[in-house]
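The values are calculated or read from the model by the stated rules, or taken from the named source; none is laboratory data. Owing to the predicted nature of the structure, the values given are computational and were not obtained by experimental measurement. Neighbour counts are summed over all protein chains in view; Cβ atoms, including those assigned to glycine, are modelled from backbone coordinates with ideal geometry.
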Amino acid sequence: MASSKKLLPGDLAGHVENKLKQWHVSGRHVVLALSGGADSVALLDILAPLRASLHFTLSALHVNHRISPHAGRWAEFCARLCAGLDVPFTVVEVDIAHQPGESLEASARAARYRALAAHPADFVVLAQHLDDQAETLLLQLLRGAGAKGLSAMGELGTRHSALGTIFLRPLLDVPRRTILDHAALRGLKWVDDESNADTAFDRNYLRHRVLPLLAERFPGYRETFARTSRNLAESALLMDDLARLDGAAALAGDRLKVDALRGLSEARAKNLLRYWLAETGVVMPSSGRLENILQQLRSSRDDAQIAVSQAGIVIRRYRGEAHIEKKRAEPQSDWALSWSRQDRLDLPEFGGQLSFEPAIGQGLSLFRLTAAPVTVKPRRGGERLRPDCRRPSRSLKNLLQEAGMPPWQRQRLPLLFSGEKLVFVPGIGMACEYLAGEGEEGVVVEFRTAV
């Protein structure tokens, strides 16, 4: 097959077919991110006929950001298009969580990727192309990104997905002109997002003002930029390999040992910190912000209370380890919620849910538990629990300290009470006098934190 640089519009379907064969999509569920623009419409036109020959199931997902007054019309257009091709179609409306200092473009993109990653599918197919890759590289360069940021997009990856969904970009090595020519050849219709012409947005400014000038002098810049991105992607992989070696004894679950950062050079410590943040799903801070986080973790006294905020999370240190927690308001001390034998209680105030699993001879005795009203409450101070029947009851404060639970987590524990008696504490255990006996009806209580 000809290289993508010389790809003819009539060859585009075969180009995509070859990519999908390489990625072994047979027998898998593929969802297309369908915006309604020319690129994704052209890709839908190619994918729909390939379902039969490559034996995959296809659906389409449209993410409505609710920014444009025409957003509803675009969703309706996509629905009609999919109905005509017998492709199952879903619309997801998202709220743009606009972080201070973050562009609307970046906020919308983050919301879009979250919606796509959360959609049940084996593969999510994106219509990003060679021009998109060049724009992304240049944007990242202007922002001072490192090797990972400058590696831009890959044809295949899970970079934005916490659920393991694989993103496929079969058009990433195809110039947009070829895609538009294919759409014209096929007589396709699409919608145009009016914001794409607004040069107030950085990407549009590069697309309409800068890159046309660059093309006059360097017509092959797209392929050159793509080659640069691939080279930088290799560098980023090597940096991750080094971080895994440095982190072998430093990473404990989602925690990072601070002494490991202190024992590394500045560059390797930053690389390990960057890797840890990426692995835990944190939005990557700027270079200056990353250096500040590293400095606070490495240089502050071991008993210092560190709390560094970053894009919806807080980085803290406790007993020589760095922790990450989501920002949440602490529940009011008078807050309480009753339990009436539901399977679970959703507790957004505590960042998770309590599940109640029926069991025989295990967990809390249902008879003793429900002898008084059962409620969930936050810590108020002075609580006592007797998790070991061989020992007297102890203060909850001492039990939590002994368990090594960080102070900020102690204040967000949902405590289960039977009347005024504390019977269950996540991470600590159950009141021994309330344990179900052999053959007795019981309930196993578990606190599950949200992902």
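Only one of Ala79, Ala111, Ala71 is within 30 Å of Met284 (Cα to Cα), over 22 Å from the mean Cα position of the chain (by Cα) and assigned by TED's automatic domain parsing to the domain that holds Asn196; which? Steps first, answer last, please.
Numbers: Ala79 fails: within 30 Å of Met284 (Cα to Cα); Ala111 fails: over 22 Å from the mean Cα position of the chain (by Cα).
Sole residue among the options that is within 30 Å of Met284 (Cα to Cα), over 22 Å from the mean Cα position of the chain (by Cα) and assigned by TED's automatic domain parsing to the domain that holds Asn196: Ala71.
Identify all residues within segment 178-209 that are without any contact (Cβ under 8 Å) to a residue 40 or more places away in the chain and not in a helix (DSSP H, G or I); write none if there are none.
Within segment 178-209, Gly187, Asp198, Thr199, Ala200 qualify.
Quickly run through segment 210-237 and pick out the residues that are assigned to a helix (DSSP H, G or I) and hydrophobic (A, V, I, L, M, F, W, C). Explain how you work it out, then say what you get.
Initially, segment 210-237 is screened for residues assigned to a helix (DSSP H, G or I), giving 210-217, 221-237.
Correct list: Val210, Leu211, Leu213, Leu214, Ala215, Phe225, Ala226, Leu232, Ala233, Ala236, Leu237.
Among Thr158, Thr136, Thr178, which is surrounded by 17 or more Cβ atoms within 10 Å (Cβ to Cβ), at pLDDT below 95 and within 30 Å of His29 (Cβ to Cβ)? Talk me through it step by step, then tell me what you get.
On the way: Thr158 fails: surrounded by 17 or more Cβ atoms within 10 Å (Cβ to Cβ); Thr178 fails: at pLDDT below 95.
That would be Thr136, the only listed residue that is surrounded by 17 or more Cβ atoms within 10 Å (Cβ to Cβ), at pLDDT below 95 and within 30 Å of His29 (Cβ to Cβ).
Please verify whether Ser333 is touching a Leu at 6+ places or on another chain (Cβ under 7 Å), surrounded by fewer than 19 Cβ atoms within 10 Å (Cβ to Cβ) and more than 21 Å from Asp254 (Cβ to Cβ), treating the condition exactly as stated. Spell out how you get there, then give the answer.
Values: touching a Leu at 6+ places or on another chain (Cβ under 7 Å): no; surrounded by fewer than 19 Cβ atoms within 10 Å (Cβ to Cβ): yes; more than 21 Å from Asp254 (Cβ to Cβ): yes.
The answer is no for Ser333.
Kindly indicate whether any position in segment 294-304 is under 19 Å from Asp240 (Cβ atoms) and not assigned by TED's automatic domain parsing to the domain that holds Gly146. Break it down into steps so the answer makes sense when it comes.
So the first thing to find is which residues in segment 294-304 are under 19 Å from Asp240 (Cβ atoms), and the list is 294.
In the following step, the residues that additionally are not assigned by TED's automatic domain parsing to the domain that holds Gly146 were identified as 294.
Yes: segment 294-304 contains one or more residues that are under 19 Å from Asp240 (Cβ atoms) and not assigned by TED's automatic domain parsing to the domain that holds Gly146.
For segment 141-153, check the following and say yes or no: at least one residue is closer than 28 Å to Val30 by Cβ, surrounded by 15 or more Cβ atoms within 10 Å (Cβ to Cβ) and touching a Leu at 6+ places or on another chain (Cβ under 6 Å).
There is at least one residue in segment 141-153 that is closer than 28 Å to Val30 by Cβ, surrounded by 15 or more Cβ atoms within 10 Å (Cβ to Cβ) and touching a Leu at 6+ places or on another chain (Cβ under 6 Å).
Go through segment 23-74 and give me each residue that's in a loop (DSSP other than H, G, I, E, B), within 22 Å of Arg176 (Cβ to Cβ) and of a type in the set (A, V, I, L, M).
Leu34
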